[in-house]
Amino acid sequence: MRIPLLVRRVGPLLALILLAACRIESAAPSGGAAVAQASTPAGEVWVYTSMYRHVLDALEPLLKERLPGVQVHWYQAGSEKVASRLEAERAAGAVRADVLMTSDPFLYERLAREGAFLRYASVNALRIPHTLLDLDARYAAVRLSTMVLVHRVGAGEAPKSFAALVDGSWKGRAAIGDPLTSGTAFTWAVFLHAKRGDAYFAGLREKGAVVAGGNAAVLQKVESGEVDAGVLLLENALAAKAKGSPIEVIWPEDGAVVIPGPVGLFASTRNPVAAKALVDVLLSPEGQRIIVEKGDMHAVDPRLGGPRGEPGVEGLLGRAQAWTPEVLEQGLLHGGDIKEAFSRAFAR
């Protein structure tokens, strides 16, 4: 996530001050008079999201309880499809969404730089680790997905790191997602490319890594025995294990890749009061608990533990590679080059 240089130097205290200051700004819809923050939330709110449908279903009762006058409409699809629909609407000058909640941090940073988001710092955002916030209050993480290694139980020794997938011992025995089609696989590829360059992709190809498409395909190949290990979302692995899948989670020694799923309010929203109230609910302890218990994802609230007995967000970040400004710039400005390098390596 984006951390301005000045804020990084002076530390979290200034971050809290900035967030608190942003919160007192008035909210104005795109075509009308200012709306007081104290107004009662009411009316319609459209949320474009990649959140799992069953998690949205679990959130519905909480939203109806906390926001009885608000009718929430969901457009739910994968992050790539949501981004495509959003871009088409922006090109037409008719964005229907009030709130965006997907798992593509690079998209949020691009939209923020283009001025697409309304500044808003929820009171519940003050607890979020500052590395998961845009400190200009344009967006904040609401959930965390994590790319880890998985290994089929009984298939010998497990890989200890992402680097191990190119050391020769896993030749033809590991599966990865396709960063050309999977948003989470792309974020993972950005991190590995930032650390190891084009040579990592070439090494995966030379060692016979199987490009499986999305996370579900990776899981299927490991479970079926087609491969012995894979790179997979923790939430998919935990849900599969709970259903009896013969896999184990391996936390890579070179650091898991945490993928923040931010939430942002569009500056063009026709209902800023209700949209802000919805964000407050999502970041509330109750909303965060649903994300953990129903979605098997990590909450951004440090008071909550992780899914199925895993450590909470602070423990998770201690096991993960850091989101640096350099990594963010690589994915934002050079994503096409990274995809091209991957495609070139596997086209040989």
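The values are calculated or read from the model by the stated rules, or taken from the named source; none is laboratory data. Owing to the predicted nature of the structure, the values given are computational and were not obtained by experimental measurement. Virtual Cβ from ideal backbone geometry, glycine too; neighbours counted across all protein chains shown. The area values use the complete protein model at the heavy-atom level, side chains included, leaving out ligands, DNA and RNA. Shrake-Rupley method; radii C 1.70, N 1.55, O 1.52, S 1.80 Å.
Quick one: in region 226-243, of everything that is of a type in the set (Gly, Ala, Ser) and in contact (Cβ under 8 Å) with a residue 24 or more places away in the chain, which residue is farthest from GLY177 (Cα to Cα)? Step through it out loud before you land on a result.
Taking region 226-243 as the starting set, the residues that turn out to be of a type in the set (Gly, Ala, Ser) are 229-230, 237, 239-240, 242.
Adding the requirement that they be in contact (Cβ under 8 Å) with a residue 24 or more places away in the chain leaves 229-230, 237, 239, 242.
Details: ALA229: 12, GLY230: 9, ALA237: 14, ALA239: 18, ALA242: 22 Å.
Out of the qualifying residues, it is ALA242.
Would you point out which residue out of ALA217, ALA185 is open to solvent by 10 Å² or more (accessible area, probe 1.4 Å) and aliphatic (A, V, I, L, M)? Spell out how you get there, then give the answer.
Details: ALA185 fails: open to solvent by 10 Å² or more (accessible area, probe 1.4 Å).
Criteria check complete, one pass: ALA217.
Hey, can you tell me all the residues within region 82-112 that are touching a residue at least 12 places away in the same chain (Cβ under 8 Å), part of a helix (DSSP H, G or I) and over 13 Å from TYR139 (Cα atoms)? Break it down into steps so the answer makes sense when it comes.
Going through region 82-112, the residues touching a residue at least 12 places away in the same chain (Cβ under 8 Å) turn out to be 82-83, 85-86, 90, 95-112.
Remaining after also requiring part of a helix (DSSP H, G or I): 82-83, 85-86, 90, 105-112.
Within region 82-112, VAL82, ALA83, ARG85, LEU86, ARG90 qualify.
With LEU126, LEU118, LEU135, LEU180 as the choices, which residue is in contact (Cβ under 8 Å) with a residue 40 or more places away in the chain and open to solvent by less than 10 Å² (accessible area, probe 1.4 Å)? Give the derivation first.
On the way: LEU126 fails: open to solvent by less than 10 Å² (accessible area, probe 1.4 Å); LEU118 fails: open to solvent by less than 10 Å² (accessible area, probe 1.4 Å); LEU180 fails: open to solvent by less than 10 Å² (accessible area, probe 1.4 Å).
The conditions single out LEU135.
Is it true that LEU107 is at pLDDT below 95, over 20 Å from PRO285 (Cβ atoms) and open to solvent by less than 30 Å² (accessible area, probe 1.4 Å)? Explain how you work it out, then say what you get.
Values: at pLDDT below 95: no; over 20 Å from PRO285 (Cβ atoms): yes; open to solvent by less than 30 Å² (accessible area, probe 1.4 Å): yes.
No: the conditions fail for LEU107.
If I ask for residues that are open to solvent by less than 10 Å² (accessible area, probe 1.4 Å) and not β-branched (Val, Ile, Thr), which ones from region 263-282 would you list?
Listed by number, the residues that qualify are GLY264, LEU265, PHE266, PRO272, ALA274, ALA275, LYS276, LEU278, LEU282.
So which of LEU62, LEU86 ends up being over 21 Å from ILE290 (Cβ atoms), at pLDDT 95 or above and either open to solvent by less than 30 Å² (accessible area, probe 1.4 Å) or of a type in the set (S, T, N, Q) (or both)? Before the answer, list the steps.
Details: LEU62 fails: over 21 Å from ILE290 (Cβ atoms).
On inspection, the qualifying residue turns out to be LEU86.
Kindly check whether there is at least one residue in region 241-250 that is buried (at least 24 other Cβ atoms within 10 Å of the Cβ) and assigned to a helix (DSSP H, G or I).
No.
Give me the pairs, please: first residue somewhere in region 48-62 and assigned to a loop (DSSP other than H, G, I, E, B), second residue anywhere and among the hydrophobic types (A, V, I, L, M, F, W, C) and open to solvent by 10 Å² or more (accessible area, probe 1.4 Å), beta-carbon distance under 8 Å, and either six or more positions apart or on two chains.
Close Cβ pairs satisfying both conditions: SER50/ALA77.
Just checking, how many residues over region 310-326 are modelled with pLDDT under 95 and in a helix (DSSP H, G or I)?
Count: 2.
Restricting the search to region 38-58, which residues are open to solvent by less than 50 Å² (accessible area, probe 1.4 Å) and of a type in the set (Ser, Thr, Tyr)?
SER39, TYR48, THR49, SER50
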